[in-house]
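Input: a single structure, listed below in structure tokens.
The values are calculated or read from the model by the stated rules, or taken from the named source; none is laboratory data. All figures in this text were calculated on a predicted structure; none of them were measured in a lab. With ideal geometry, Cβ positions are generated from the backbone for all residues, glycine too; neighbour counts draw on all protein chains shown.
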Amino acid sequence: MKIKFTKMHGCGNDYIYVNGFEYSVPKDKKPDMVRKLSDRHFGIGSDGVIFINPSEIADFEMEMFNADGSRAEMCGNGIRCVAKYVYDNRMTNRENFVIESMGKKKYITLDAPDGEVKEVKVDMGEPILEPELIPVVCDEKTDRFVARKVQVDDRTFEMTCVSMGNPHTVMFCDPDLVLSYGPLIEFHKLFPKRVNAEFVKILDRKNVEMRVWERGTGETLCCGTGCCATAVACILNGLTEDEVTVHVLGGEVKINWDRETNHVFMTGPATTVFDGEVEIGE
């Protein structure tokens, strides 16, 4: 069976996008398919695969898989690219619509001045700070896991944990530590569902630098939910203003935590790389 696909990225965080309105892949076949297509030597190469499906509760569903074939709850760069895909491919003519991911609805606003999407703003909803909901193991009863000392191998990190629909831990340290400690933190005993790890350097009150180790993928050039979690952690620790530009290896993403509504807004680019066709077997 051959299927058409589109390769897209948000600040270098690249995924393969498959139109689920046109192609029906059995659920039990998807993890193996994702692993093969994501392989950068023997496949197309990507941080994972995203299926764009019909939805009963929104305009579209985003079904997102990491490169290792595991299903993920949410992807900030991915949802921006889904928004661009459906608009540029005339699946909708509206510049405001709703995308579902694992049953959670996200509200989209497009910047498409010439009929082609340049930037996407996403209402990412409320950050989740309660440890048991992130989830992160916490011995004491508390409503937040902020600036907690955690031993990882030979180093102690101060971690602030946030969920943006998926779990994150943010550390203020040298971002270059990502490769040494990212794999250890992803599988740390504190995180029963594993975790995405952000290593952050404060540049000033409105700008930070971040490198990220993504659960199920490894280091990526950007993580949209990670940018959101980073901004929330910065604000919780009193390090930045409520509007933060997060500088990542693949570009920059603007985050605004509206404290009145408690909603986090993410604005960033979405880019189409190429279209193709691939054989996926029966």
Could you check how many residues of region 249-268 are closer than 27 Å to Y15 by Cβ and either part of a strand (DSSP E or B) or at pLDDT below 95 (or both)? 13
Restricting to region 224-243, count the residues that are polar (S, T, N, Q) and outside any helix (DSSP H, G or I). 2
Of the conditions (1) in contact with a Lys or Arg (Cβ under 7 Å, 6 or more places away or on another chain); (2) within 21 Å of P269 (Cβ to Cβ), V195 clears all except one; give me its number. (2)
Please go through region 238-268 and give me each residue that is closer than 24 Å to F5 by Cβ and touching a Lys or Arg at 6+ places or on another chain (Cβ under 7 Å), ordered by number. G268
Answer from V273, V246, V212, V208 - the residue that is part of a strand (DSSP E or B), surrounded by fewer than 17 Cβ atoms within 10 Å (Cβ to Cβ) and not acidic (D, E): V273
Among the residues of region 19-39, are any within 17 Å of T225 (Cα to Cα) and out of contact with any Phe, Trp or Tyr (no Cβ under 7 Å at 6 or more places or on another chain)? no
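Conditions (1) within 21 Å of E214 (Cα to Cα); (2) surrounded by 22 or more Cβ atoms within 10 Å (Cβ to Cβ), marked per residue:
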| position | (1), (2) |
| --- | --- |
| N13 | yes, yes |
| V18 | no, yes |
| I79 | yes, yes |
| K105 | no, no |
| T109 | no, no |
| V120 | no, yes |
